[in-house]
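See below for the structure under consideration.
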């Protein structure tokens with residue numbers, strides 16, 4: 001069996017362009033789908049997939065580790081997030097082919113199940129990214145919470161509501177307390193709430209100050225309280241707060257996670273399978289984290305193929321905690337990709353179809369061609385004109 005072609009299909013989903021990757025083989029009707037979505041880098045990722053394709057055409061698609069090594073090493077230049085995302089799109093498609101070729105779901109090929117269902121969480125506002133980023137009044141917050149719970153979710157994530165630099169005033173902290181109190185009161189004590197900082201605080205001390213305001217309301221974790229890539233700073237935050245700390249969505253391979261694990265810097269790592277090189281690299285990261293007594297909660301606000309890939313990963317990964325998802329990000333979400341995702345009581349159920357268990361309707365996809373994504377970061381400017389993290 002040999003790879004004969006690698007091509008991309010871009011599908012605009014309003015706030016994101018999904019980048020699907022199709023790998024074809026010389027076996028009639030045998031092909032695989034992957035996803036390489038990377039926000040605000042769509043054209044670069046598509047070009048990178050095209051650049052990498054000649055390295056794998058002619059190879060056996062079942063030799064997944066070797067294909068990834070070839071794309072990583074024979075391109076000569078060290079790969080960043082664009083290159084790792086392109087590799088991931090191809091790698092996920094290879095798992096789909098492998099599973100189809102032997103008639104087994106991908107999670108079976110990863111060692112079998114380690115759980116019977118996969119807990120998931122969505123974002124407040126569901127797929128409406130404007131709701132995710134907008135500042136919310138008390139009544140809006142309550143309505144969004146009730147909407148999420150009404151869809152059957154038992155956990156949701158919110159974005160920390162303020163832009164900041166190195167300090168924050170007392171009035172703003174009181175506002176954060178009221179914001180988090182409203183969320184907890186609307187959700188009740190049985191629902192998990194996660195708070196994503198997006199690395200907004202400019203210092204460890206400010207991050208800790210903000211997290212401690214949240215602490216009485218028992219968030220499941222605080223995500224990216226400082227900018228990623230500084231394991232010492234993450235460890236300092238973790239040491240100074242009782243709230244579990246999570247990070248990893250902007251780290252792109254296991255070497256980026258090595259310092260976190262060595263320093264036991266966080267409680268939960270969050271590799272994104274579409275950005276770190278795919279399922280197999282994600283498994284290596286998860287194994288390293290398990291050795292360091294850390295859980296893994298994969299990042300994934302992306303498209304439907306990314307979601308299904310994460311589902312298979314989660315089923316087979318023993319230190320898995322909870323899965324981020326964005327099902328329903330657009331009304332036609334289930335039309336462009338038919339797949340096995342089924343939620344019951346806030347958990348995805350185990351897929352049984354061979355491979356990833358998906359099929360892409362390319363006719364529906366063609367109705368949603370590439371568009372430039374909006375830049376949600378434009379408001380991340382302080383009153384004095386200072387540009388800050390968002």
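Just so it is clear, none of the values below were taken in a lab; they were calculated from the coordinates. Model, not experiment: these values are computed from the prediction. Reconstructed Cβ throughout: ideal geometry from the backbone, glycine too, with neighbour counts over all protein chains shown.
If each of residue 264 and residue 40 carries a label point 7 Å out from its Cα toward its Cβ, how far apart are those two points in nm? Using points 7 Å along Cα→Cβ, the separation is 3.7 nm.
In the distance distribution for the stretch 1-124, Cα-Cα pairs more than 18 Å apart total 54 percent. Between 0 and 90 degrees, the angle of helix 138-150 with respect to the longest Cα principal axis of the chain falls at about 40 degrees. So, in Å, what gap is there between the alpha-carbon centers of the stretch 10-43 and the stretch 320-343? Distance between centres, Cα-based: 16 Å. Against the chain, whose longest principal axis comes from its Cα atoms, helix 304-316 is set at around 90 degrees. Percent of C-alpha pairs per 5 Å bin in the stretch 185-233, short distances first: 5, 20, 29, 22, 13, 7, 5, 0.
Quick one: helix 42-56 against the long Cα principal axis of the chain, what's the angle to the nearest 10°, folded into 0 to 90? The helix 42-56 is inclined about 40 degrees to the chain.
In plain terms, the chain from residue 65 to residue 361 could stretch by 103.7 nm, reckoned as 0.36 nm per residue minus the Cα-Cα distance. Site pair residue 74 and residue 14 shows an inter-label distance of 4.2 nm when each label is modelled 7 Å from Cα along Cα→Cβ.
Using the per-residue mean of other Cβ atoms lying within 10 Å as a proxy for protection, in what order, highest first, do the peptides 164-170, 65-71, 117-123, 253-259 fall? Spell out each step's value before the answer.
On the way: 164-170: 13.4, 65-71: 16.6, 117-123: 21.9, 253-259: 18.1.
Ranked from most to least packed, the peptides come out as 117-123, 253-259, 65-71, 164-170.
Placing pseudo-labels 7 Å out from each Cα toward the beta carbon at residue 287 and residue 151 gives an inter-label distance of 3.5 nm. One quarter of the convex hull surface built on the alpha carbon atoms of the chain amounts to 18.1 nm², the projected area averaged over directions. Straightening the chain between residue 386 and residue 117 buys 92.3 nm, computed as 0.36 nm per residue apart minus the Cα-Cα spacing.
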